[in-house]
């Protein structure tokens, strides 16, 4: 199938835009490949330190400087359900490496925080910056130069982007990302959302809410709604960094263990000096990045990736922006209905055909690049498959199912749920923002209403409880951007705004903060740039100003003349919100971070 002309055009303009920075990146990658094993460059003292605590068999192999050594970078902790299964992975990986005559060592443990735990709390203001901390922690672990390849163990919101960002600065090494899978389905997402709204409305108490949440999040594995964590897993397959079909196999399954073993076997085939040398900096090229964006749009994935994908791409010398997302969104149909875009969860998506079916559908209409390098070999068509356990107990791959196992959950390219990806760029005199409308009804695509301005989400919730928001309005929640307080997600607002919308009011959210993959039925213009603390127009808006948010035309305006806006004072920021819960430690990040459209990252280099 010929490549869609818009996909081809966007890819080419990214290539042209990135020519200089990508060339510099690849030159540095090539210069870092003197040959494997890399530890041969170390002095005897260096090397002795590196194997001092190894098992005797491993020590001999590392000492001989002949066999590859795999660096494991793990986000394991046993508090977070998604990462708890990783506790057993290092021993599985080491055993599998020994079977291949190689070795593996844990190179680094990186922090892993859960937005579900910190949502609406002060700790949430460290969440976005944790991505860049993870990138740096990954680099620290790999800096010993003991490794010929890497396995990255991570699942959730900032962890996978941070791991990949760090890995790409060691772009001369091959990496395979190793997932752990989703928890079993609990109560339905619709039930969970209804209880949350009832609690916000004061109709049920905290005991009922906690019981509902405990039935939703109840076992080891990733949360099953389609938020950023599961968008990450989709992305790693679309970009060719997982083994095919690995994303949504549950923890504890025999197939999951064998996929982990297969990841070890595969990464060893990709090391320098071998016939299939595939450094991660070559796998992640302009076409892979475009495939990732297309997958995000086709699944209605997390809006966080309008920042994370930008940051990931820049780590490989590739320059993308929100205009690229919007151009692709116009031609990429929505092929899944997974909560919050529908009632199903990722387990139902996986059972209906999952990633293999989705990738085959996208390939069938030329919406993704097939001619890409992946960790499974050349060609994305390798991923139009699903893994199964062979009689021998090892993994084999069979073609993806011919038809959707549940057309209400996974559609086809000929019969999509929507003709476009539902992600829009908003521009106007307020600045630039993104909006995800895949779960927003048509009659809420346009909201024109007076602004009600808040400097925190708690202030909005207090106003609603005081009965001040029973009207049409646009909630302007400012000073939530990365330079102000680290750009927390504002999901605490979702039940409150949803209740007001259900009462028949026209409501919308306008913020320089985030909403992420769980953005729902209330229209939300998020990631507004420039942010308030940088003097953006959002800091000049006053309660009562008329705002128009038009997702159909891509317009975001405050109805003031240029002269009126120029005369307005910027509201000063109260930086007391930057202290407590460790937030004061991140002042250097807030001072260095770039705008959301540039990836909201603290690293200042171009490539």
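The values are calculated or read from the model by the stated rules, or taken from the named source; none is laboratory data. Predicted model only: the values in this text are computed from it and were never measured. Methodologically, a virtual Cβ is constructed for each residue, glycine included, from the backbone with ideal geometry; neighbour enumeration extends over all protein chains shown.
Do we have residue 433 as crowded, with 24+ Cβ neighbours inside 10 Å, within 11 Å of residue 510 (Cα to Cα) and within 21 Å of the chain's Cα centre (by Cα) here? Yes.
Could we say that residue 596 is closer than 22 Å to residue 494 by Cβ and out of contact with any strand residue (DSSP E or B) (no Cβ under 9 Å at 6 or more places or on another chain) here? Answer is no for this residue. Take the conditions more than 26 Å from residue 307 (Cα to Cα) and surrounded by fewer than 24 Cβ atoms within 10 Å (Cβ to Cβ) and apply them to residue 141. Does it pass? No; evaluated as a whole, the condition is false for this residue. What number of residues within the stretch 371-406 satisfy the criterion of being farther than 25 Å from residue 271 by Cβ, assigned to a loop (DSSP other than H, G, I, E, B) and more than 22 Å from the chain's Cα centre (by Cα)? So the count comes out to 11. Select from the stretch 108-152 the residues that are closer than 25 Å to residue 599 by Cβ, modelled with pLDDT of 95 or more and over 19 Å from the mean Cα position of the chain (by Cα) and list them in ascending order. Scanning the stretch 108-152 gives 108, 109, 139, 140, 141, 142, 143, 150. Scoring residue 443 on the criteria (1) free of Cβ contacts under 8 Å to residues at least 12 places away in the same chain; (2) more than 31 Å from the chain's Cα centre (by Cα) leaves a single failure, condition (2). Selection over the stretch 173-215 of residues that are out of contact with any helix residue (DSSP H, G or I) (no Cβ under 6 Å at 6 or more places or on another chain) and surrounded by fewer than 20 Cβ atoms within 10 Å (Cβ to Cβ) gives a count of 17.
So how many residues does the stretch 251-277 have that are in a loop (DSSP other than H, G, I, E, B) and either more than 26 Å from residue 37 (Cα to Cα) or touching a helix residue (DSSP H, G or I) at 6+ places or on another chain (Cβ under 6 Å) (or both)?
Counting residues in the stretch 251-277 that are in a loop (DSSP other than H, G, I, E, B) and either more than 26 Å from residue 37 (Cα to Cα) or touching a helix residue (DSSP H, G or I) at 6+ places or on another chain (Cβ under 6 Å) (or both) gives 3.
When every residue of the stretch 295-305 is checked against the conditions, none turns out to be part of a loop (DSSP other than H, G, I, E, B), under 21 Å from residue 16 (Cα atoms), touching a residue at least 12 places away in the same chain (Cβ under 8 Å) and under 19 Å from the mean Cα position of the chain (by Cα).
Each residue in the stretch 421-430 was checked for being over 21 Å from residue 367 (Cα atoms) and either under 18 Å from the mean Cα position of the chain (by Cα) or outside any strand (DSSP E or B) (or both), and 2 pass.
Just one residue in the set 4, 69 is in contact with a helix residue (DSSP H, G or I) (Cβ under 8 Å, 6 or more places away or on another chain), within 30 Å of residue 317 (Cβ to Cβ) and in contact (Cβ under 8 Å) with a residue 24 or more places away in the chain; that residue is 69. Of the residues making up the stretch 541-574, just one is surrounded by 14 or more Cβ atoms within 10 Å (Cβ to Cβ) and assigned to a helix (DSSP H, G or I), namely 565.
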